[in-house]
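Enquirer: Handing you this structure, nothing more for now.
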Amino acid sequence: MAVDLTKLVFHSNYPAFKNNREYTGTLSITGSTSGGTNTRTFDIALDTEPDLLDVIFNGNSNSPDARPDDAWFKNGEIWVPTNNAGGGNPSRWRLTYEVEGTTLTVTATYIQQFVTGETLTSTDFSYKIVDYSVF
Amino acid sequence: MATDLTKIAFDSRLNYLKKFNSVSEQSFTFGATYVEEDIDHGLTYIPFWAVGVDLFNNGVIWSNEYVWEYAESSAAGSNAPPNFVTWMTTDTLTVEVYAGSGTNQQSGDSTIYYGVYLDYGS
């Protein structure tokens, strides 16, 4: 009997996601802020245009945020200390990302209210990107 | 029929997402504000994960965070809907569920649906 190769357990005529490439690195939020929306953007070059990405971050947390500093997250904020003595709280930066072609752009956004300009204490956060190629 | 070798599903050069264990649901009870549910995995590294929560206990599973348009006055108070965030350490997946506030506040029991996968990354 001829073997029908399309029936192989490890064969599929449909594409499959495979963990193809991993990118890791550290980014830094620095400088000063002003009232309203403050953003920082970071471009990360990818080797190839991705089919599907998973992106996770690691960075400072702060009370009342219960996330420990060593935890990684997909959606959330990192906390950046400032010279704002009156508020007593560090600035809270939400991390998002978008992809165009082979460039992934991470955006950190902080909405500043009730206080004037703040000087930030330079704060690092890490990213990990896994590219799932479709074969 | 000719076999297209690029469609071979197994390629030993690469890692694959394989589910860590068969358990994928955890019940919880909404708290007054936030409630944390810890799911132990003990893998000693950060694995891939995905989480959904039945935020309104009506069979609709929300992935990611529920987003709503805030269109209320401060005088009327907040009616924020339920929401959740997740984070992962080398031994535990934590799901923090916010019950919401005002007329949108949830109570009672509901379910977290999750997957933890092996062989994350290259």
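Enquirer: Working only within segment A:1-23, note down all residues that are loosely packed, with under 13 Cβ neighbours inside 10 Å and either modelled with pLDDT of 75 or more or within 30 Å of A:Gly117 (Cβ to Cβ) (or both). Please lay out each step first, then the result.
Expert: Narrowing segment A:1-23 to residues loosely packed, with under 13 Cβ neighbours inside 10 Å: A:1-4, A:6-7, A:9-10, A:13-14.
Answer for segment A:1-23, where residues must be loosely packed, with under 13 Cβ neighbours inside 10 Å and either modelled with pLDDT of 75 or more or within 30 Å of A:Gly117 (Cβ to Cβ) (or both): just A:Ala2.
Enquirer: Applying the selection to segment A:97-111, what residues are of a type in the set (A, V, I, L, M, F, W, C), farther than 15 Å from A:Asn38 by Cβ and open to solvent by 60 Å² or more (accessible area, probe 1.4 Å)?
Expert: Listed by number, the list holds a single entry, A:Val99.
Enquirer: Going through segment A:29-71 one residue at a time, which ones are of a type in the set (Val, Ile, Thr) and either over 16 Å from A:Glu98 (Cβ atoms) or open to solvent by less than 40 Å² (accessible area, probe 1.4 Å) (or both)?
Expert: Step one: of segment A:29-71, the residues of a type in the set (Val, Ile, Thr) are A:29-30, A:33, A:37, A:39, A:41, A:44, A:48, A:55-56.
Answer for segment A:29-71, where residues must be of a type in the set (Val, Ile, Thr) and either over 16 Å from A:Glu98 (Cβ atoms) or open to solvent by less than 40 Å² (accessible area, probe 1.4 Å) (or both): A:Ile29, A:Thr30, A:Thr33, A:Thr37, A:Ile44, A:Thr48, A:Val55, A:Ile56.
Enquirer: Identify, by number, the condition in (1) open to solvent by 50 Å² or more (accessible area, probe 1.4 Å); (2) within 17 Å of B:Thr33 (Cβ to Cβ); (3) within 14 Å of another protein chain (Cβ to nearest Cβ) that B:Val85 doesn't meet.
Expert: Only one criterion is unmet by B:Val85, namely (1).
Enquirer: Something else about it: Among the strands (runs of 3 or more DSSP E) contained in segment A:46-124, which hold 1 or more residues that are more than 14 Å from chain B (Cβ to nearest Cβ) and on the phi < 0 side of the Ramachandran plot?
Expert: Numbers: elements: A:52-58, A:76-80, A:91-100, A:103-112.
In segment A:46-124, A:76-80, A:91-100, A:103-112 are the strands (runs of 3 or more DSSP E) which contain 1 or more residues that are more than 14 Å from chain B (Cβ to nearest Cβ) and on the phi < 0 side of the Ramachandran plot.
Enquirer: Where in segment B:1-74 are there strands (runs of 3 or more DSSP E), lying wholly inside it, with at least 3 residues that are within 13 Å of B:Val116 (Cβ to Cβ) and modelled with pLDDT under 95? Steps first, answer last, please.
Expert: Details: elements: B:25-29, B:34-40, B:48-53.
By residue number, B:48-53.
Enquirer: Could you tell me whether any residue of segment A:125-132 is in contact with a Phe, Trp or Tyr (Cβ under 6 Å, 6 or more places away or on another chain), within 14 Å of chain B (Cβ to nearest Cβ) and more than 23 Å from B:Thr94 (Cβ to Cβ)?
Expert: Yes - at least one qualifying residue is present in segment A:125-132.
Enquirer: Now, a different point. For A:Val130, work out the one condition from (1) farther than 11 Å from A:Val55 by Cα; (2) open to solvent by less than 30 Å² (accessible area, probe 1.4 Å); (3) of a type outside the set (Ser, Thr, Tyr) it doesn't fulfil.
Expert: Going through (1) farther than 11 Å from A:Val55 by Cα; (2) open to solvent by less than 30 Å² (accessible area, probe 1.4 Å); (3) of a type outside the set (Ser, Thr, Tyr) one by one, A:Val130 breaks only (1).
Enquirer: Which pairs have Cβ atoms under 7 Å, sit 6 or more apart or on different chains, and link a residue in segment B:21-50 that is closer than 26 Å to B:Thr103 by Cα and in contact (Cβ under 8 Å) with a residue 40 or more places away in the chain to one that is of a type in the set (Ser, Thr, Tyr) and open to solvent by 80 Å² or more (accessible area, probe 1.4 Å)?
Expert: B:Phe30/B:Ser107
The values are calculated or read from the model by the stated rules, or taken from the named source; none is laboratory data. The model shown is predicted, which means the values in this text are computed figures rather than measured ones. Note that we place each Cβ from the backbone using ideal geometry, even for glycine, and neighbour counts take in every protein chain shown. Please note that ligands, DNA and RNA were not included when accessible areas were found on the heavy atoms of the full protein model with its side chains. Shrake-Rupley method; radii C 1.70, N 1.55, O 1.52, S 1.80 Å.
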